[in-house]
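Working notes, structure below.
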Amino acid sequence: MEGPLAERARAKERGDAVPVTTAPVTTAPGTTAPVTTAADETGKLPDGTVDAVVIGGGAAGLNGALMLARSRRSVVVIDGGTPRNAPAEGVHGLLGLDGTPPAELLRRGRAEVRRYGGLVVAGDVTAARPAAPSAGGDPRFAVTLAGGGTLRARRLLVATGLRDELPGIPGLDRHWGHGVVHCPYCHGWEVRDEPIGILAAGPASVHHALLFRQLTADLVYFTRGTELDEGTRERFAARGVRVVDTPVTEAVTGEDGGIAGVRLSDGQLLPRRVLAVATTLRARTEGLDGLGLPVRELPGGMGRHIAAGTAGATEVPGVWAAGNATDPMAQVGASAAAGALAGAHMNADLAAADTEAALAATRRGSTCV
Ligand SMILES: Cc1cc2nc3c(=O)[nH]c(=O)nc-3n(C[C@H](O)[C@H](O)[C@H](O)COP(=O)(O)OP(=O)(O)OC[C@H]3O[C@@H](n4cnc5c(N)ncnc54)[C@H](O)[C@@H]3O)c2cc1C
């Protein structure tokens, strides 16, 4: 095999950036100005209306953008650069990539999107709203960045992730993602056999405790004023989980910089090296109010997420959501998969809109003859 395809294949094998086609990306006939989004590290925004803007360039947003860019859609990813797992040393439980540092995974993802002509721009979206639709009724959106740059888009993918809110216990924040953990699948193996404390936040913490018990035999459950029925206390006792009802006042840092233990209201220091907490999970929606996306509360005061249906479609025509912004339990693999699915559905939606626009143009042409 020779020619451009062979060169692309060779470049790919070498790990080089695959040359991007210079052909303009096609958009709906007569409705939008064609825009090419050649790989561009400068962050210069395109002038015309792009097929899709992706708000948030974590696993979900980048995988959505990858599907769109590979479908020859003009796509711009705007990313604030603050992924949820930033404090973690490695992404765990992700087949084939287990242990890859989060920043490295995203670096590779951005390169992959750019390889197909997608634009990935560092910045924060401060406003997004529906704009006047095309003459044929195709949705349009206006997106504003901090600093004043603007973009126009036919479709939006919201992949802004979520914020973890820790319980208000002094001393916890500084250990977040290291000595203070939330997820047995993300960093449970790394803290195996350590003295672990569960800082209960509600009924879900019982489940949390049983999962961490799988990882260590030295587990203390701090009830922190939450209900714990006799049956559960009996089950904990059967598994060797110690229950402490005395209120927790502080997470104490040791001389080595790690967690030394938990200070109780009676002054006692109970030694622990790791504390597991259920954080409150809040979808990141800063700057997105203008879209009017439905936001739902999670059960038990666990947080809130953007409501989305099949493949991430929201109630707002033309807007999809993927990753932790809509599915707070999704890990990196599930977030990336959701982004990919949303991107594919957005491309299909655009293909249908392009066809309708072409048909309308053809009919207009034939009536003129
Ligand atoms: C400490 C910790 C460790 C973890 N470890 C693992 C692990 O080992 N394995 C695993 O599978 N999962 C792990 N996770 C879960 C993982 O972080 C999430 O599954 C994943 O980050 C979700 O991807 P996302 O793309 O939805 O959101 P994110 O990765 O959070 O990306 C969202 C992006 O959107 C950007 N953004 C937000 N708002 C805006 C805006 N208005 N304008 C522009 N950009 C915006 C943010 O800056 C961010 O870059 C961990 C989580 C935590 C907290």
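Any read-out appearing in this document is the output of simple, stated calculations on the displayed coordinates, not a laboratory observation. Being a predicted model, the structure only gives us computed values, none of them experimental. Here the Cβ positions follow ideal geometry from the backbone for every residue, glycine too, while neighbour counts run over all protein chains shown.
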What percent does the relative contact order of the chain come to when contacts are Cα pairs within less than 8 Å and at least six residues apart? 19
With a bin width of 10 angstrom, please list the P(r) values of the chain as percents of all Cα-Cα pairs, from the 0 bin to the one holding the largest distance. 5, 22, 26, 20, 14, 8, 3, 1, 0, 0
1/(1 + (r/R0)^6) with r = Cβ-Cβ of ALA86 and GLU315, R0 = 25 Å, i.e. FRET efficiency to nearest 0.05, evaluates to 0.20
If you take every DSSP beta bridge fully contained in the chain, what fraction is antiparallel? Give it as a percent rounded to 5. 45
Sort TRP176, TRP189 by Cβ crowding within 10 Å, fewest neighbours at the top. TRP189, TRP176
Is any residue of region 178-197 close enough, with backbone N under 17 Å, to a label point placed 7 angstrom from the Cα of ALA204 along the Cα-Cβ axis, and if so, which? 181-187
On C-alpha positions alone, give me the angle between the axis of helix 4-14 and the longest principal axis of the chain, in degrees, nearest 10. 20
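On full extension of the chain, what length is gained from ALA337 through ASP47, given 0.36 nm per residue of separation minus the C-alpha to C-alpha distance? List each step's numbers first, then the result.
Working: separation 290, 0.36 × 290 = 104.40 nm, distance 3.03 nm.
Extra length available between ALA337 and ASP47 comes to 101.4 nm.
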Near the amide H of ALA131, under 5 Å away, which other amide H atoms are found, from residues 5 or more places off or on another chain, if H is placed in the peptide plane? ARG140, PHE141, ALA142
If each K or R counts +1 and each D or E counts -1, the residues other than VAL125 whose Cβ falls under 12 Å of its Cβ total -2
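Applying a 10 Å radius around every beta-carbon, put 238-250, 155-167, 304-316 in order of their mean neighbour count, most first. Numbers along the way, then the final one.
Working: 238-250: 14.8, 155-167: 24.5, 304-316: 17.9.
So the peptides 238-250, 155-167, 304-316, ranked by packing, come out 155-167, 304-316, 238-250.
Mind giving me the FRET efficiency for MET329 and ALA361? R0 is 41 Å, r the Cβ-Cβ distance, nearest 0.05 is fine. Don't skip to the end; give the middle numbers.
Details: r = 45 Å, r/R0 = 1.10.
Computed FRET efficiency for MET329 and ALA361: 0.35.
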State the antiparallel share, in %, of DSSP beta bridges confined to region 167-278, rounding to the nearest 5. 35
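With a Förster radius of 25 Å, plug the Cβ-Cβ distance of GLU297 and ALA146 into 1/(1 + (r/R0)^6) and report the FRET value to the nearest 0.05.
Details: r = 28 Å, r/R0 = 1.14.
Step by step, r from the Cβ atoms, then E = 0.30.
Suppose a student asked you for the relative contact order of region 167-278, using Cα pairs under 8 Å spaced at least 6 residues apart; what percent would you report? Can you show the working numbers first?
On the way: 208 pairs, mean separation 37.7, N = 112.
Reported as a whole number, the value is 34 percent.
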Using alpha-carbon coordinates, inclination of helix 332-368 to the longest axis of the chain, degrees: 20
Pairing the Cα long axis of helix 102-115 with the longest principal axis of the chain, what angle in degrees results, from 0 to 90 and rounded to the nearest 10? 10
With +1 on the Cβ of every Lys and Arg and -1 on the Cβ of every Asp and Glu, the dipole magnitude of region 167-278 about its Cα centre, in debye rounded to the nearest 20, is 160
